[in-house]
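K.L.:
Attaching a single structure in structure tokens format; questions to follow.
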Amino acid sequence: MNTQTITSSAQPRPETSSFDSDTQQLWLASGLLLITGIVPALFGNAYWEHSFQLMNIYIAVTVLQNWLFVDAGQKSFGQGVLLGLGAYGLAVASGVFDQPIAVGLFWGIVASAAGGLLFALPALRVQGFHLGFVTLSAAVVFPQLLLQMDDLTQGLNGISMPMRGLSEPLLLGVSTLSLLCTAAPIIALLFHYKMRRSRLGRRMRTAAESPEAARSLGIRPGVMSSLAFLIASVGTGICGLLFVPAVSFVTPQSFLMDVSFIFFFAVVVGGRGQLLGPVVGIWAVFTIPNILLVDLAHYKPLVYGFITLFVVILFPDGIVGTIEEFRQKKRKAGGGERAFHLTALTDWLSALPDHKAAAEDEPILTVRGATKRFGSVVAVDRVDFDLRPGEVHGLIGANGSGKTSLLNILNGFSRMNEGSYHFAGRDVSKATAPAIAERGLGRTFQTPRVFPSFSVWNNVRVGLDARETEMPAGLEQILREMEAEHADGMPTLLSHGQRRILEVVRVVLKDSPVVLFDEPAAGLSGEEREEFSKLVKLLSRKLGTAVVLVEHDLELVWSIADRITVLETGSVIASGRPADLVRDPAVQHLFVGGAHVDA
Amino acid sequence: MLGDLLMNLDMITTIVLRGAAVGSLFAIIAMSFNIVHNATGILNFAQGTIFLLGAFGAFLFANRAGFAVWIPMLVVVSLVIGLFTAAQGWLTLKPLRSSVEQNSWIISTVSVSVIIAAVLTLNFGVFGNMVHGPVPRVSIMGVRTPGAFLLAIGSMFAWYFILRWFLRRTFQGLAISALSQDFEAARAAGLDVRKLQLLAFGISGVIAGSVGFMVAPMISVSPDAGLRYVLNGFVAAVVGGIGNNTGTLIGGPLVGIVAAVTAFYIGGAYQDLASLLVLVLILMFLPQGLFGRAAARKV
């Protein structure tokens, strides 16, 4: 394997990234939580000790909601239900049926997981506002059920369950309960922080930000959101377990819809996606109104309703997010991003031995009689299409000739009305996009799918996350350099051409035997275009990658394609080697007034 | 034996009538969802409290009144609520212009809903108020039926046909339909998209407000009732296929009858649970609804 030494000076990675302030926010939030959770007890102030116990439980719930909201893209109005299920699970089992606490804890978690399942199952099928209504319904229904099922819940009277042992001072006057209530939000924050830096976290967020891009990377968005709901439910249920000793009794009044709204609004007001957001948010929508409006409790919903409306209209990024934005702006003034080059990759590829042309004539991908209709429009009309390993196959034709529709069939975004499709030795006519992606197909998009919430490096890394083959040693070194260079890069500052290059690198790192490029050269500079065509040639020669290239730049297509298929109104009108095709009368009109092709 | 059967028939008629009447309200909320959704892609979570504003309008300005007062007040209240909803639409669409986060509308419509309910609670307390309307009881198959039930069912059909005419026969209506087909194309064709969207919000307000006003005698006019209607209205919209008004004619009464049957056989407190289960099942097995069309994917 290649052992080329890299001469350019890779900077060592700094401990904290300047792309986001997650690390600083995590420290700041943990510090604030420690102070509020422990200091009142040190001074023996029982009122504040108790108040901050409840508040910190609420913050923990809000941290999970923040993660669910932004990192998994799920809007839930029902987190109060999950909190209540955890609390009632424990209180019913141990407070009513006198089971040991361990059994109660178990039931609390089971109850909240079951509630989470109610949200998670529809999440497999539908996204967005649908789940907003499901969760809102649950928030309405839950208190009604608590009242109705009074055999279990003792109705409006609630269940009294003081757990005095936990409130005994453990250390310097601080009780076990206070420690637990302080630990809960800090653990939740650590979870959020770690999740963001994990493969699963990146894949969830990719699914939240662009379901299509996710599907093309083998991610099933439904599974991701479902999983996110389950994780958040169990976490929120654990907070519910703490709620019982913190308040000493549970009643339906504690889990009215207002509670769910407080968690939701706290996320928005604090700043969506900001780690410190939930702390600031709970203080702003719960704590401060509670102190200021102690005699005017009726006004509380009005106040947090207005605060939230005000924030979402004037400061959509919330309190922490707005401050964070100032910080980012200052940085932007500092200069642009480092240019993103393919040279490291092409250098690495050049040094590899040529791919042994094993089954050169056995197509990896075969389509027969593919037809796709949208209503009365036939977008793809009885198309036959073959692709061999290592082949660069150009797909050309006017706008609306069905090129992208064919690509969408190939990667599984749309299903043929008629025809058959075999890929890597299996019939995938009815397979979904993630299944086809997993079998070894990658693609780019006409509009590059670049995620502003990820650093440039993490944008590339989602391709790596989807990789199923082993990493060659030479590539690892290149990636380390790329990480050093782009870990703090802001994708919003990249030019259009650079975004395309980024997406190309992503799909190369996924390492698929088949790659589809949808108009990759549009908007590239001359130099970038050169780099790109060199890369495609190398992919095919060195890795045996089969490439489908949809492109308007005929010069580019003619210079790198081994075979070209011409589409017109959904049908194949010509297909063959570039040299033969250029003399085909059916294709001549494509060049009218256009590019000089030296075939 | 025959007496039993007759009693059963009475009972069934009562359940079906009640379910259909309440279900018509859900269908109407669903239609008011649809027009805004088709024009903007937004579902207004405040639609239930807006419906309730109509009912409070009747409570304040037309309680126990005769037709001479009731009809003009109906018109005034509906128009005021229409304007209010258009203003809400303006506020809701405002952040969408600049913000990267496209789901701000979920937050702003929910917070408007919370604000309306909070204002109503501050002014009228949390308990339900009784409203008496001018439409007398009538006897249907031997069952004495409140006039508001008929108003509910009648206004479902009335609004259905008015909307159908508006969306197919008037310039603004066709333009709103065009928005639901292809937003960018409509803009490119020179339509004033924002104005049309505000019009859609306004119309949705008039629909919800007018019906809330008319059916006030049959509902619990209390501030927290709005949520019940917005949720069931959404279930009706999902059952019928979101964006499809014809679907609501089935979806609404279906949800209403499920709720009425649940209330009768299991208990009133379980009605909303039944709707929630219907919603979850439909979303899992028929996410496009009974009459929805699958949208072509755009890549």
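K.L.:
About the Cα centre of the stretch A:22-256, what is the dipole size in debye to 20, counting +1 per Lys and Arg Cβ and -1 per Asp and Glu Cβ, all else neutral?
P.N.:
Result for the stretch A:22-256 is approximately 960 debye, rounded to the nearest 20.
K.L.:
Sticking with this structure for a sec: With a cut-off of at most 16 other beta carbons within 10 Å, and DSSP calling the residue loop, which GluC sites (Glu not before Pro) in the stretch A:478-587 qualify? Please list them.
P.N.:
none
K.L.:
Please state the relative contact order of chain B as a whole percent: Cα pairs under 8 Å, 6+ residues apart?
P.N.:
Relative CO of chain B lands at 37 percent.
K.L.:
Can you give me the Kirkwood hydrodynamic radius for the stretch B:64-143, using every pair of distinct Cα atoms, in Å to one decimal?
P.N.:
Computed over Cα pairs of the stretch B:64-143, the Kirkwood hydrodynamic radius comes out at 16.3 Å.
K.L.:
Output the residues of the stretch B:243-278 meeting this criterion: accessible area (heavy atoms, 1.4 Å probe) in the chain alone minus accessible area with all protein chains in place is 30 Å² or greater.
P.N.:
For the stretch B:243-278, once contacts with the other chains are taken into account, B:A269, B:Y270, B:D272, B:L273, B:L276 lose 30 Å² or more.
K.L.:
Over the stretch A:377-441, how many percent of alpha carbon pairs lie in each 10 Å bin up to the one with the longest distance?
P.N.:
For the stretch A:377-441, the binned pair fractions read 19, 54, 26, 1 percent.
K.L.:
Scan around B:V221 for amide H atoms under 5 Å from its own, H built in the peptide plane at 1.01 Å from N, and keep only partners 5 or more places away or cross-chain.
P.N.:
Correct list: B:N129.
K.L.:
Does chain B classify as rounded, prolate or oblate by the C-alpha gyration tensor (a ≥ b ≥ c root eigenvalues; a/c under 1.5 gives rounded; else a/b over b/c gives prolate, otherwise oblate)?
P.N.:
Prolate shape, in that a/c is at least 1.5 and a/b is the bigger ratio.
K.L.:
Counting alpha carbon pairs within less than 8 Å and at least 6 residues apart, what relative contact order, in whole percent, applies to the stretch B:156-277?
P.N.:
After rounding, I find 14 percent.
K.L.:
Still on this structure, please answer the following. Put a dot 7 Å past each Cα toward the Cβ at A:R125 and A:R199; how far apart are the dots in nm?
P.N.:
3.2 nm
K.L.:
So what's the angle, to the nearest 10 degrees on a 0 to 90 scale, between helix A:199-209 and the longest Cα principal axis of chain A?
P.N.:
Approximately 80 degrees, to the nearest 10.
K.L.:
Report ³J(HN,Hα) in whole Hz for each residue of the stretch A:116-130, in order, from the Karplus equation J = 6.51 cos²θ - 1.76 cosθ + 1.60 where θ = phi - 60°; Gly and Pro get x.
P.N.:
Ordered by residue, 3J(HN,Hα) equals x, 4, 4, 7, 6, 5, x, 4, 5, 9, 10, 10, x, 5, 3 Hz.
K.L.:
Would you be so kind as to identify which of A:V92, A:G158, A:V126 lies farthest towards the positive end of the dipole of the stretch A:22-256, taking Lys and Arg as +1 and Asp and Glu as -1 on Cβ and the Cα centre as origin?
P.N.:
Sorting the options by dipole projection puts first A:V126.
K.L.:
Whole-Hz ³J(HN,Hα) for each residue in the stretch A:558-563, computed from phi via Karplus 6.51 cos²θ - 1.76 cosθ + 1.60 with θ = phi - 60°, x for glycine and proline: what do you get?
P.N.:
The phi angles translate into 5, 7, 10, 7, 8, 8 Hz.
K.L.:
Between A:M471 and A:L34, 0.36 nm times their residue separation minus their Cα-Cα distance comes to what?
P.N.:
153.1 nm
K.L.:
Would you please classify the overall shape of the stretch A:29-125 from the alpha carbon gyration tensor, given that a ≥ b ≥ c denote the square roots of the eigenvalues, rounded means a/c under 1.5, and beyond that prolate means a/b larger than b/c while oblate covers the rest?
P.N.:
The shape class here is oblate.
K.L.:
Using only DSSP helix segments of four residues or longer, with each worth -39500 (n - 2.57), what per-residue ellipticity at 222 nm results for the protein assembly as shown after dividing by its residue count and rounding to 500?
P.N.:
Using -39500 (n - 2.57) per qualifying helix, the result is -19500 deg cm²/dmol.
K.L.:
A further question follows. Send over a whole-number figure in Å² for the accessible area per residue of the protein assembly as shown, probe 1.4 Å.
P.N.:
Result: 41 Å² per residue.
K.L.:
Report the full-extension gain for the segment A:M149 to A:A114: residue separation times 0.36 nm, less the Cα-Cα distance, to one decimal in nm.
P.N.:
Answer, rounded to one decimal: 10.9 nm.
K.L.:
Calculate what fraction, in whole %, of the accessible area of the stretch A:22-256 sits on carbon and sulfur atoms when a 1.4 Å probe is rolled over the protein chains.
P.N.:
Percent of accessible area from carbon and sulfur atoms in the stretch A:22-256: 69.
K.L.:
Still on this structure: Could you tell me the total accessible area buried at the B-A interface, probe 1.4 Å, in square angstrom to the nearest hundred?
P.N.:
Rounded to the nearest hundred, the buried surface is 4100 Å².
K.L.:
Return the carbon/sulfur percentage of the accessible area of chain B, one whole number, probe 1.4 Å, all protein chains in place.
P.N.:
68 percent
K.L.:
Another question, if that's okay. Under 25 °C and 0.890 mPa s, how fast does chain A diffuse according to Stokes-Einstein, given a Kirkwood radius computed over C-alpha pairs? Answer in µm²/s, whole number.
P.N.:
This corresponds to a translational diffusion coefficient of 91 µm²/s.
K.L.:
Additional query: Cα-Cα pairs above 33 Å in the stretch A:22-256: how many percent?
P.N.:
For the stretch A:22-256, the share of Cα pairs beyond 33 Å comes to 20 percent.
K.L.:
Could you compute Rg(Cα) / (2.2 N^0.38 Å) for the stretch A:202-281, with N its residue count?
P.N.:
1.39
K.L.:
Shifting gears a bit: Taking amide H positions as placed in the peptide plane 1.01 Å from N, state which residues far from A:R388 in sequence (5 or more) or on other chains have amide H under 5 Å from it.
P.N.:
Hits under the 5 Å cutoff: A:I364.
K.L.:
Please list, ordered by chain and number, the residues whose modelled amide H lies under 5 Å from the amide H of B:T145; skip anything fewer than 5 residues away on the same chain.
P.N.:
Residues meeting the criterion, in which the H sits 1.01 Å from N, are B:V138, B:S139, B:I140.
K.L.:
With charges only on Cβ, +1 for K and R and -1 for D and E, what is the dipole size of chain A about its Cα centre, in debye, rounded to 20?
P.N.:
Computed about the Cα centre, the dipole is about 380 debye.
K.L.:
Could you order the peptides A:470-479, A:493-502 from most to least packed, using the average number of other C-beta atoms within 10 Å per residue?
P.N.:
Output ranking for A:470-479, A:493-502: A:493-502, A:470-479.
K.L.:
Could you give the longest part of chain A that holds none of the chymotrypsin sites (Phe, Trp or Tyr not before Pro) found in DSSP loops with at most 12 neighbouring Cβ atoms within 10 Å?
P.N.:
A:98-599
K.L.:
Could you go through the stretch A:310-320 in sequence order and give the Karplus-derived ³J(HN,Hα) for each residue, using 6.51 cos²θ - 1.76 cosθ + 1.60 with θ = phi - 60°, rounded to whole Hz, and x for Gly and Pro?
P.N.:
Coupling constants for the stretch A:310-320: 4, 5, 5, 8, 8, 10, x, 8, x, 5, 5 Hz.
K.L.:
Please tell me the relative contact order of chain A in percent, rounded to the nearest whole number, where contacts are Cα pairs under 8 Å and at least six residues apart.
P.N.:
This gives 16 percent for chain A.
K.L.:
Still on this structure: Once Lys and Arg get +1 and Asp and Glu get -1 on their Cβ, which of B:A55, B:V135, B:L74 lies farthest toward the positive end of the dipole of the stretch B:55-214?
P.N.:
B:V135
The values are calculated or read from the model by the stated rules, or taken from the named source; none is laboratory data. As the structure is a computational prediction, the values presented were derived from the model and not from experiment. No Cβ is skipped: glycine too gets one built from the backbone with ideal geometry, and neighbour counts run over all protein chains shown. Just the protein is used for accessible areas: all its heavy atoms, side chains included, with ligands, DNA and RNA removed. Shrake-Rupley method; radii C 1.70, N 1.55, O 1.52, S 1.80 Å.
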